[in-house]
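The values are calculated or read from the model by the stated rules, or taken from the named source; none is laboratory data. For clarity, every value in this text was computed on a predicted model and none was experimentally measured. Don't worry about glycine lacking a Cβ; one is built from the backbone with ideal geometry, like all the others, and counts go over all protein chains shown. Side chains included, ligands, DNA and RNA excluded: accessible areas come from the protein's heavy atoms. Shrake-Rupley method; radii C 1.70, N 1.55, O 1.52, S 1.80 Å.
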Amino acid sequence: MTLFLINSLMTVTVLCFYFGYFFRKRNNAIHRFSNLVGVTLNLCTAIFILIAKYLLGGVMSFDIYPNVDRLFIDIHRFFAAIALLMMLFMAYTGLSRKRHLHEKMHYVFLPLYTLVYLSGLFLFKSHPN
């Protein structure tokens, strides 16, 4: 159930980012709101995962098991960390109206975040076998 909740929140996050991207030129208020909701949901989910892993006995105690070798999970975490930093920087540049840099970063951020999201769907499962 926990993995379903995590995947659901990450799905909503991806939808918020693409919805915001769609409205980037049409309606800046919708663009900002949608992306801020996406950032907030992503941060809440990431913080929950980190707390579960390091403070609450590990993710296996929440019925989240690896589906692949540890190397692939570490690669996923590496790119997820990069995507997280880019997401925060994108939020900063968007809110501070540094438009030129903000627009250039989305060419890297959206594909990277989408790949991290999709890999997360396949790297973990909710049963041990």
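What number of residues within the range 18-66 satisfy the criterion of being in a helix (DSSP H, G or I), among the small types (G, A, S) and loosely packed, with under 13 Cβ neighbours inside 10 Å?
2
State all residues of the range 115-129 that are open to solvent by 30 Å² or more (accessible area, probe 1.4 Å) and part of a helix (DSSP H, G or I); if no residue qualifies, say none.
Scanning the range 115-129 gives L115, Y117, L118, S119, L121, F122.
Of the residues F72, F89, which is more than 26 Å from F4 (Cβ to Cβ) and aromatic (F, W, Y)?
Criteria check complete, one pass: F89.
Please count how many residues of the range 101-126 are of a type in the set (A, V, I, L, M, F, W, C) and free of Cβ contacts under 8 Å to residues at least 12 places away in the same chain.
Kept after step one, since they are of a type in the set (A, V, I, L, M, F, W, C), are these residues of the range 101-126: 101, 105, 108-110, 112, 115-116, 118, 121-124.
Checking the rest, the ones that are also free of Cβ contacts under 8 Å to residues at least 12 places away in the same chain come to 101, 118.
Matching residues across the range 101-126 total 2.
Please count how many residues of the range 32-54 are under 17 Å from H102 (Cα atoms) and in contact (Cβ under 8 Å) with a residue 24 or more places away in the chain.
Initially, the range 32-54 is screened for residues under 17 Å from H102 (Cα atoms), giving 32-36, 38-39.
Subsequent filtering for residues that are in contact (Cβ under 8 Å) with a residue 24 or more places away in the chain retains 32, 35-36, 38-39.
Of the residues in the range 32-54, 5 are under 17 Å from H102 (Cα atoms) and in contact (Cβ under 8 Å) with a residue 24 or more places away in the chain.
Modelled with pLDDT of 85 or more, under 14 Å from the mean Cα position of the chain (by Cα) and either open to solvent by 60 Å² or more (accessible area, probe 1.4 Å) or more than 18 Å from F17 (Cα to Cα) (or both) - does that describe any residue in the range 86-101?
Yes, that holds for at least one residue.
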